Amino acid sequence: MKNIKVPFIDLKLQYLSIKDEVNSKFREVLKNQEFILDEEVKRFEEEFAKYCKVNYCIGVASGTDALILGMKSLGITRGDEVITVANTFIATVEAITHVGARPVFVDIDPLTYNINPNKIEEKITDKTKAIIPVHLYGQPTDMDPIIEFASKHDLFIIEDAAQAHGAKYKGRKVGSFGNIACFSFYPAKNLGAYGDAGAIVTNDEEIVEILRKLRNHGSVKKYQHDIVGYNSRLDTLQAAVLRIKLKYLEKWNSDRQKNAKSYNEFLSKIQGVITPKTLDDATHVYHLYVVRLKNDRRDELRRYLQDKGIATGIHYPTPVHLTKAFEYIGYREGDFPAAEESAKKIVSLPIYPELQRGQIEFISQEIQNFLER
Ligand SMILES: *Cc1c(COP(=O)(O)O)cnc(C)c1O
């Protein structure tokens, strides 16, 4: 198996598989020249709501905007506290800060890498307004305890489902558990646009009305501005490609699951690697396949694999509370030991749907070669 090169993700390969459909749809959009909030956007919103088994979907400009507008629509503001997890993509926490609220972190469960449900309740104060569980890497958060705390303490649940399109908890798709759920369609996500895009899904009609205004300058009727809004719309070209790709999402997710299974099979034979654990009641959609080394040679392993032509990633190298941007909150090293420890030992391996079993075998073999050196 010489000269196998494995990128971290191969969007060109995915494009080739849907090229004719996308090209002809784009030609149609170009012919129509209706780029903002047209029929295409409305159809995608209906189709994605149906896919998530919720009543409404509101397309916005990005996953980050989905979180910001979503929190605004719930009335979260200055002086409020919002609980989330210390290991997430920075956007989850940026959004909390942008609405004026204070981010309150909870450590991860070292087995699932998601928020540790046993450590949430001690963080709830009379200022707490919401909990944002992040379904990180494509694995649903254990929602039952979160739903219990939220109803006991009268808190909103905002799902950050940016990495988990189609993932299920107890047989139900993520996106349908929170007051609202936020999705990103960043190109590399399981459902990815050809640029930035995002959406909020919900069953709450009142929230929908606020969100429709918030994303479009406070307006649903031209030049009638009811609230101070934003310019954060999902555009027609993005909606068009998302409608095409949504038809393949289940297939692509199942290809990711098949790839994860192959990795589990090969890597379980290797001593120093911990493969991802999935909750009994959860269906993981493997946006990322994250393994953890038992030793401290993670960076060395990544360099070794790079030399063999294998791309890897770290999600994420710095837990949010230790980033410079969020220094101002006042957390320090040692506050969230499980997140800090995992950040030093995790590595994300390629898991995109088009990846072949032979490539997975090659990657696994090289990991073994490295660890046995
Ligand atoms: C990608 C991502 C976001 C932000 O989405 P964008 O579309 O890039 O703005 C938010 N949260 C998580 C967990 C993400 O992975």
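The values are calculated or read from the model by the stated rules, or taken from the named source; none is laboratory data. Computed from a predicted structure; not experimentally measured. So basically every Cβ, Gly included, is an ideal-geometry build from the backbone, and we count neighbours across all protein chains shown. For the accessible areas, the whole protein counts, side chains as well, though only heavy atoms, and no ligand, DNA or RNA atoms are used. Shrake-Rupley method; radii C 1.70, N 1.55, O 1.52, S 1.80 Å.
Okay, here's what the table says:
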| item | result |
| --- | --- |
| Dimensionless Rg over Rh [the chain; C-alpha; Kirkwood] | 0.97 |
| Rounded to the nearest 10 Å², the accessible area of Thr278 at probe 1.4 Å | 50 Å² |
| Neighbour net charge for Leu349 - beta-carbon separation under 13 angstrom, K R +1, D E -1 | +3 |
| Share of carbon and sulfur in the accessible heavy-atom surface of the chain [1.4 Å probe, %] | 48 percent |
| Net +/- balance of residues flanking Gly63 in space, Cβ distance below 9 Å, scoring K and R +1, D and E -1 | -2 |
| P(r) of the stretch 133-257 over all Cα-Cα pairs, binned every 10 Å from zero, in whole percent | 12, 36, 34, 16, 2 |
| Helix-only CD estimate at 222 nm, as mean residue ellipticity for the chain, using -39500 (n - 2.57) per DSSP H run (n ≥ 4) | -12000 deg cm²/dmol |
| Descending semi-axes in Å of the stretch 210-256, equivalent ellipsoid built from Cα gyration tensor | 33, 11, 7 |
| Inter-part distance where the stretch 89-143 and the stretch 158-200 are each reduced to a Cα centre, Å | 16 Å |
| Within straight-line cross-link reach of Lys221, aspartates and glutamates at Cα separation under 20 Å, skipping those fewer than 8 residues along the same chain | Glu34, Asp38, Glu39, Glu40, Glu45, Glu205, Glu206, Glu209, Asp235 |
| Lysines whose Cα lies under 30 Å from that of Lys324, excluding same-chain neighbours fewer than 8 positions away | Lys72, Lys119, Lys123, Lys127, Lys129, Lys189, Lys294, Lys344, Lys345 |
| The stretch 1-94: GluC sites (Glu not before Pro) in DSSP coil with no more than 15 other Cβ atoms inside 10 Å | Glu34 |
| The stretch 162-269: trypsin sites (Lys or Arg not before Pro) falling in loop per DSSP and having at most 15 other Cβ within 10 Å | Lys170, Lys222, Lys247, Lys269 |
| Solvent exposure of the chain as accessible area per residue, Å², 1.4 Å probe | 45 Å² |
| Principal axes of the stretch 228-289: Cα extent on each, largest first, Å | 55, 29, 22 |
| Förster-model FRET efficiency, 30 Å R0, Ile329 and Ser151, C-beta, rounded to 0.05 | 0.65 |
| Rg [Å, one decimal], Dmax [Å, integer] - the stretch 88-134, C-alpha atoms | 11.1, 32 |
| Modelled FRET efficiency - R0 30 Å, Ile227 with Asn55, Cβ distances, 0.05 increments | 0.85 |
| Convex hull volume of the stretch 1-103 per residue (C-alpha atoms, cubic angstrom) | 190 Å³ |
| Charge context of Arg243, other residues only, Cβ under 14 angstrom, K/R +1, D/E -1 | -3 |
| Charge dipole of the stretch 167-255 about the Cα centre (unit charges at C-beta), most positive-ward option of Ala199, Leu234, Val174 | Val174 |
| Cα→Cβ-extended label distance, 7 Å offset, between Glu300 and Gln365, nm | 2.3 nm |
| Per-bin percent of Cα-Cα distances, the stretch 300-373 [10 Å] | 17, 37, 25, 17, 3 |
| Derived scalar couplings ³J(HN,Hα) [the stretch 8-18; Karplus, 6.51 cos²θ - 1.76 cosθ + 1.60; whole Hz; x for Gly, Pro] | 6, 8, 10, 5, 5, 5, 5, 4, 4, 6, 10 |
| Amide proton proximity set for Ile115, modelled H, under 5 Å, gap of 5+ | Asp109, Val134 |
